[in-house]
1. Mind checking region 114-201 for trypsin sites (Lys or Arg not before Pro) that DSSP puts in a loop (not H, G, I, E or B) and that have at most 15 other Cβ atoms within 10 Å?
2. Using protein chains only and a probe of 1.4 angstrom, how many square angstrom of W124 are accessible, to the nearest 10?
3. As a test of the definition: which semi-axes, in Å, follow for the chain when you take the square root of five times each eigenvalue of its alpha carbon gyration tensor? Largest first, please.
4. If you roll a 1.4 Å probe over region 66-185 with all protein chains in place, what percent of the accessible area is carbon or sulfur?
5. Among residues other than T242 whose Cβ falls under 15 Å from its Cβ, what is the net charge (Lys/Arg +1, Asp/Glu -1)?
6. Could you give each residue of region 114-127 its phi-based ³J(HN,Hα) in whole Hz, using Karplus coefficients 6.51, -1.76, 1.60 with θ = phi - 60°, and x for Gly or Pro?
7. Mind checking which lysines have their Cα closer than 19 Å to the Cα of K152? Skip sequence neighbours fewer than 8 apart in that chain.
8. Which pairs break 21 Å Cα to Cα here: K26/K123; K53/K156; K123/K275; K150/K299; K101/K123?
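The values are calculated or read from the model by the stated rules, or taken from the named source; none is laboratory data. Note that the structure is a prediction, hence the values are computed from the model and not measured. No Cβ is skipped: glycine too gets one built from the backbone with ideal geometry, and neighbour counts run over all protein chains shown. Keep in mind that these areas ignore ligands, DNA and RNA; they rest on the heavy atoms of the full protein, side chains included. Shrake-Rupley method; radii C 1.70, N 1.55, O 1.52, S 1.80 Å.
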Amino acid sequence: MEIFVLLLLGVILFFAVIYRLRNDKKTVLINRIPGPKCYPILGTTLPVMLMTKPERFVYLRSLVQKFGPLYRTWLGRAAMVNLADPNYVELILNNTTHNEKGIVYNFVLPWLGNGLITSKGTKWHQHRKLITPTFHFQILETFMDVFVAKSKLLVKLLESKADGITTFDIFPYITHCTLDIIAETAMGIQVNAMLEEDNRYAQAVSGLCGEFANRAAKGWLSYDFIYYKTSYGAKFLEYLSTLHNTTNKVIHERRILRQKTGRENVAEDEFGRKKRRAFLDLLMDLSQNENALTEREIKEEVNTFMFAGHDTTTSSTSWTLFLLGLHQDIQVR
Ligand code: HEM
């Protein structure tokens with residue numbers, strides 16, 4: 001009898017909470033914006049959860065056609081207002097009050113911490129000012145031979161697949177190539193993702209990025225207290241530990257090397273050529289010379305560059321190659 005009463009109370013409480021959440025001021029206001037049907041806990045993700053990845057892509061694009069250039073979706077309890085008209089986007093981007101990032105950025109916090117992508121306000125401004133010079137054209141030029149060497153290796157690997165008949169997924173090849181490039185340019189290390197199929201670091205990066213997408217597609221996983229109790233959350237933590245261990249190790253070893261050799265400020269080699277220095281070295285200079293960055297901040301910025309530098313370039317390169325494959329007249333040109 002007692003269990004029955006407890007269960008009944010639980011059910012009543014559950015519906016009371018749902019009722020309260022559905023009728024709070026913010027929810028009512030957001031729901032005046034058109035958008036797909038919303039369910040408790042899942043938000044508007046129910047149809048997305050049941051779809052394959054290609055179906056998701058088509059479905060998400062269809063929402064603009066259905067609801068217009070301003071529509072709302074719910075990821076669990078988090079409201080999202082989607083803009084698909086440049087005039088609306090301009091209003092937001094020109095406004096410095098509303099530039100805090102949305103909830104999906106919380107998913108990357110355990111990896112990126114408060115790096116440039118996830119920080120805000122004064123911290124973002126100071127770090128942005130410090131880091132911008134590391135992207136000077138002359139510095140980027142010193143990485144050219146890395147781009148060339150890794151691209152040549154990529155072409156060699158693709159040659160064995162390009163028989164002109166069989167289709168294959170180019171994404172893993174590109175992602176391994178961009179990871180190799182960003183690891184060498186951001187951290188100064190060889191990851192060798194292109195050559196080692198079961199490379200742990202590459203698997204952890206891909207796995208983690210896959211988990212961000214997983215959480216953004218399944219409303220119930222957007223709650224930390226649920227996510228970290230699932231097998232997805234456990235896998236996420238495993239990938240995360242691989243990535244943090246690698247960055248910690250690289251930073252630690254570099255610190256020791258700099259102490260030993262004392263060559264931290266040497267910008268040219270013995271022939272007077274501009275020496276290639278990884279992003280991490282430049283950050284360590286900043287930390288040493290200007291006391292501007294703590295060890296933790298260095299790590300956050302390096303991880304941010306690993307993420308920002310590989311995911312974006314992988315997508316754009318893969319799509320470009322896909323389109324070139326579809327339009328062979330352009331490819332020939
Ligand atoms: C096709 C390539 C790329 C695209 C489409 C792209 C796109 C973007 C976008 C849309 C943002 C804004 C994100 C936000 O504020 O939430 C951003 C920020 C950023 N990207 Fe990229 N990106 C690309 C390549 C790269 C590369 C190669 C790097 C590093 C090596 C990089 C590093 C960053 C960083 C550090 C930020 C944060 C900047 C700040 O807020 O100050 N990106 N990128």
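1. Those satisfying the criteria are K120, K161.
2. About 90 Å², rounded to the nearest 10.
3. Details: eigenvalues 328, 143, 91 Å².
Each semi-axis is the square root of five times an eigenvalue, giving 41, 27, 21 Å.
4. The value for region 66-185 is 60 percent carbon and sulfur by accessible area.
5. Working: positive: R200, K235, K249, K299; negative: E196, D198, E211, E238.
Spelling it out: positives minus negatives among the neighbours equals 0.
6. 9, x, 4, 6, 9, 7, 8, x, 4, 4, 4, 4, 4, 5
7. In chain and number order, the partners are K161.
8. K26/K123; K53/K156; K123/K275; K150/K299
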